[in-house]
Ligand code: FES
């Protein structure tokens, strides 16, 4: 039998430790991503309003309901959105402030959307004007079908204006 060299023993020990660390860190990470994948919400389209309800001057507030069928208990998620007409069609965006998630409101007298929590301001298209929010309000993926406006439970890049 050949004598085992010290270097070989050291390499084996390092490999064993690296394997253990990979297992300890990688296992929970893998479980996290597997769980997120299992819980991910399938794409869903819901009606927001009739096209005729919108104008290009002021955003109109609507409530939409997404079904969370992929979770046990058939839960629903109610979201507030604003919709306004643009040259390129309807624009539907979230009413949730990008700073700390307060609900924003359209103030007709200021002709701005404002956040009551810390004074964030957005224009009528939901684009950031000022205050602490880091980003403009997220825009929903949208379709118009036979005069009705639908959104998906997904955001798109803000490239409307
Ligand atoms: S949550 Fe809207 S400005 Fe802070």
* Asked: How would you classify the range 45-156 from its alpha-carbon gyration tensor, with a ≥ b ≥ c the square roots of the eigenvalues: rounded for a/c under 1.5, else prolate if a/b is greater than b/c, otherwise oblate?
  -> oblate
* Could you please state, rounded to a whole Å, how far the C-alpha centre of the range 45-84 is from the C-alpha centre of the range 90-161? => 13 Å
* Burial ranking of peptide ranges 103-114, 5-16 (average Cβ count within 10 Å, highest at the top) -> 103-114, 5-16
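FYI, it's all coordinate maths here, none of it is from the lab. All figures in this text were calculated on a predicted structure; none of them were measured in a lab. Cβ: placed from backbone, ideal geometry, glycine included. Neighbour counts: every protein chain shown.
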